[in-house]
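Participant: Have a look at this one before I ask anything.
Each value in this text was obtained by applying a stated rule to the coordinates, not by laboratory testing. Because the structure is predicted, anything quoted here is derived from the model rather than measured. Please note: Cβ atoms are built from the backbone with ideal geometry, for glycine as well, and neighbour counts cover all protein chains shown.
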Amino acid sequence: MWFRWLMCALTVASLSAEDNEAKLTRLLNNRLKAVTTLRLDRDAYFPGEIATLTITVTNPTNEPLEIPAPFEPTSSGIDLMGKDTPQARELGVEYWYLAPHRFSDFPTRLDTGSIVLHPAVRLERTVRSDEKHFGYYRWFGHRGAVPATPGEYRVEFSYDTRVHVDFRVVQPEMTQFVAAPLPALGGTDREAPRGYMHAFVLAFGGRYAICRNVQATALNPELFRGYYGDLAPLERVGEMDEPVTALRVRLEGEGAVVEWATARQSMRAEINSATIDRYLPRTEIVR
C-alpha cells in the first residue's frame, strides 16, 4: 500500500515539475514577443553626474501576453558596460560589463511571478542612478552616478538583452566653484556643519552647466586637477549658452538657493530640504 502511495506522490511531483518548466518556457517565449525600450535623459554626461533611465515594456501583439514581472529584483537588473575596455579587447567585443557580477548572468526564476500584459498596454518605470533600482541595487557603482572616467558606455536591462542605450562621459572645464556650510540640525552656529552645498560651473562644447553637489565634507577645487570624480553625485540645475560671471549659494530655511548671472540675465534654482536629506540623512538630535 505504502509503495503505491509513494509512486503516486512521485508521479504528481514529476508532473508538477514538468508543468513548472513548461510554464517558465511559455513566459520566456512571451517575453520575447514584448517590446522593451530604454531611454536616458542625456546622451552625454559629466564625470560623476546623476543619470535617469526610463524603461518601457509594451505588448505589440493582438492578444494578452503573460510575461515575467519585469521590475522585480529576481527577474531583471540594470548593467553598465564600457567600450574598448581591457576585457572587451581580450574577448574581441566592442563593449563589456564593468561589474564583476552582471544581472544578465542570473536566469529568470518561476517564483519571480508573472503579469498579464494586454495588447497596446505599456509598463513604464523611471529610475535614477542614485536610487536603488527595484528596491535592491544602485545601477551605477560610483556613488550612484555615471563613471568618473571620460569614455563611451552602454546601459543594458537584463530583462531583455536585445536592447541597450549608449552614452558618453565628457571631460569638462570648471570655470566657477563656491561652497556653503549647511548648519547642524537644531544646533547652534558653534556646532560642526551638517555638511556642505557645492555649486560650480562646468563648461563643454560652448555650453555652461550650473551644477550642485551635497556631501558631508568640504571640497577643495585646487585638488581636482581635471579629475571631477570627487564631485559625484552631481546634478545640473541650469544650463546657459554664455559664460557665467557670478555664482553663489545662499541658505534659505532648511534648503538652499543657487544663484548665478551672465552678462544678460540672472537666474536661480531652489534646492529643497528633501534633496539635502537624500545625501545627508537626518539623525536623531539628543538634547
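Participant: Quick check: net charge around Gln87, other residues with Cβ under 14 Å of its Cβ, Lys/Arg +1 and Asp/Glu -1?
Facilitator: Charge balance in the 14 Å sphere: 0.
Participant: By its C-alpha gyration tensor, with a ≥ b ≥ c as the square roots of the eigenvalues, how is the stretch 202-287 shaped: rounded for a/c under 1.5, else prolate for a/b larger than b/c, else oblate?
Facilitator: In terms of gyration-tensor shape, oblate.
Participant: Another question, if that's okay. Out of the stretch 193-287, which GluC sites (Glu not before Pro) are coil in DSSP terms and have no more than 12 other C-beta atoms within 10 Å?
Facilitator: In loop regions of the stretch 193-287 (DSSP not H, G, I, E or B), the sparsely surrounded GluC sites (Glu not before Pro) are Glu284.
Participant: Which of the trypsin sites (Lys or Arg not before Pro) across the stretch 24-71 are loop residues per DSSP, with 13 or fewer other Cβ within 10 Å? Please report the intermediate quantities before stating the final value.
Facilitator: On the way: sites: Arg26, Arg31, Lys33, Arg39, Arg42; in loops: Arg42.
For trypsin sites (Lys or Arg not before Pro) across the stretch 24-71 that sit outside H, G, I, E and B with at most 13 neighbouring Cβ atoms in 10 Å, the list reads Arg42.
Participant: Going Cα to Cα from Lys23, which lysines come in below 16 Å? Please leave out same-chain ones fewer than 8 positions away.
Facilitator: Lys33
Participant: Near Gly206, within a Cβ-to-Cβ distance under 12 Å, what is the net charge of the other residues, with Lys and Arg +1 and Asp and Glu -1? Provide the component values of the computation, followed by the final result.
Facilitator: Numbers: positive: Arg207; negative: Glu173, Glu239, Asp241, Glu242.
Residues close to Gly206 contribute a combined charge of -3.
Participant: Additional query: For Lys83, which lysines qualify as cross-link partners when the Cα separation must be under 28 Å and same-chain residues fewer than eight apart are set aside?
Facilitator: Lys132
Participant: Using each residue's phi in the stretch 243-250, evaluate 6.51 cos²θ - 1.76 cosθ + 1.60 at θ = phi - 60° and report the 3J(HN,Hα) Karplus result to the nearest Hz, with x for Gly and Pro.
Facilitator: x, 8, 9, 8, 8, 7, 10, 10
Participant: List the trypsin sites (Lys or Arg not before Pro) within the stretch 62-125 that fall in a DSSP loop (any state other than H, G, I, E or B) and whose Cβ has at most 13 other Cβ atoms within 10 Å.
Facilitator: Passing both the DSSP loop test and the Cβ count: Arg109.
Participant: Over what distance in Å are the Cα centres of the stretch 33-53 and the stretch 176-245 separated?
Facilitator: Answer, in whole Å: 24.
Participant: Taking neighbour Cβ counts within 10 Å as the exposure measure, how do Val146, Val121 sort from fewest upward? Write down the numbers at each step before the final one.
Facilitator: Values: Val146 28, Val121 13.
The order, fewest Cβ neighbours first, is Val121, Val146.
Participant: Please find the FRET efficiency linking Thr149 to Tyr279, where r is the Cβ-Cβ separation and R0 is fixed at 22 Å, and quote it to the nearest 0.05.
Facilitator: Computed FRET efficiency for Thr149 and Tyr279 comes out at 0.50.
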